[in-house]
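Presented below is the structure to which this report refers.
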Amino acid sequence: MVATFGCNSTSQPPTQPPMPIIGDCTPQPCEELFTQVRSGFPDTVSKYAADCQGKQILGLSVFDRPGEGKRVNFACWSASGTDGSKTGQWLGVLPFPGEEARFSTSWNCSGSNCENIIIKLRQKYLHKSQKAEFECATKSGNLYFDVANSGVDKIEVECQFFVYELWDENGDGVTDGDNGTSVSYTIATFEF
């Protein structure tokens, strides 16, 4: 399922990206891509930048997710070790500029009548469901609920995703390996 998202923000992002930014944003410099993505999603990009302070270095990379378009991956890298290697934490992902309409997450559920419940949730709670979809998509996650374990009057929807510890063997800000841990949390509760 594809959803489109709009971002309204009254705060103005800073005029310059935090320096330095490393990674692979070919064909453009990562600082330029950072500025473009920040103009569309100022609150999310500000959170990523705030989560990467001090001697840490913000990293960006572009990748293509088949059927879902290009995305910009955000990471926070440690200072280089004596051999030039870095460790880092994955922060999240946002759509590549121009690919916003394809930025989505999927809904999964178990139990009877679950597809109809998804349709009703998205119709009755359009803004709330879009907000949950966007937040979960920034984690490259999927939305899930279990009809059998939910009450008749409410549905608790979880965002299921992986959090990654990263390593970069040569210090270029491009991930050479990762170790993921599965995470799940209740992202929204819908009343019927």
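The values are calculated or read from the model by the stated rules, or taken from the named source; none is laboratory data. Since this is a predicted model, take the numbers as computed values, not measurements. Using ideal geometry, Cβ is built from the backbone for each residue, glycine included, and neighbour counts are taken over all protein chains shown. We work out accessible area using only protein heavy atoms, side chains counted, and drop any ligands, DNA or RNA first. Shrake-Rupley method; radii C 1.70, N 1.55, O 1.52, S 1.80 Å.
Loop-located GluC sites (Glu not before Pro) in the range 116-179 (DSSP state other than H, G, I, E, B) with a sparse environment of at most 15 neighbouring Cβ atoms within 10 Å: GLU169. The three principal axes of the Cα atoms in the chain give end-to-end lengths of 57, 34, 30 Å, sorted in falling order. When the solvent-accessible area of the chain is split by element, carbon and sulfur atoms take up 50 percent of it, the probe being 1.4 Å. Other residues lying with their Cβ under 13 Å from the Cβ of GLU100 contribute a combined charge of 0, Lys and Arg counting +1, Asp and Glu -1.
The protection proxy used here, the mean number of other Cβ atoms lying within 10 Å of each residue, ranks peptides 170-177, 112-119 as follows, highest first: 170-177, 112-119. As a quick test, which of the pairs LYS70/LYS120; LYS70/LYS128; LYS70/LYS124; LYS131/LYS154 have an alpha carbon distance above 22 angstrom in this structure? Table pairs above 22 Å Cα-Cα are LYS70/LYS120; LYS70/LYS128; LYS70/LYS124.
Suppose R0 equals 41 Å; then what is the FRET efficiency for ALA79 and GLU191 from their Cβ-Cβ distance, rounded to the nearest 0.05? Approximately 0.30, to the nearest 0.05. Judged by the mean number of other Cβ atoms found within 10 Å, the most tightly packed of the peptides 52-65, 89-102 leads the ranking 89-102, 52-65. Computed per residue of the chain from DSSP H runs no shorter than four, each worth -39500 (n - 2.57), the mean residue ellipticity at 222 nm is -6500 deg cm²/dmol. Among 41-50, 20-29, the peptide with the highest mean count of other Cβ atoms within 10 Å heads the list, and the full ranking is 41-50, 20-29. Heavy-atom accessible area with a 1.4 Å probe sorts THR181, THR105, THR82, THR35, largest first, into THR82, THR181, THR35, THR105.
The mean accessible area for residues of the chain, using a 1.4 Å probe and ignoring ligands and nucleic acids, is 54 Å² per residue. Partners of LYS55 within straight-line reach, counting lysines whose Cα lies under 22 Å from its Cα and excluding those fewer than 8 residues away in the same chain: LYS47, LYS86. For the chain, averaging the sequence separation of C-alpha pairs within contact (under 8 Å, six or more residues apart) and dividing by the residue count gives a relative contact order of 20 percent.
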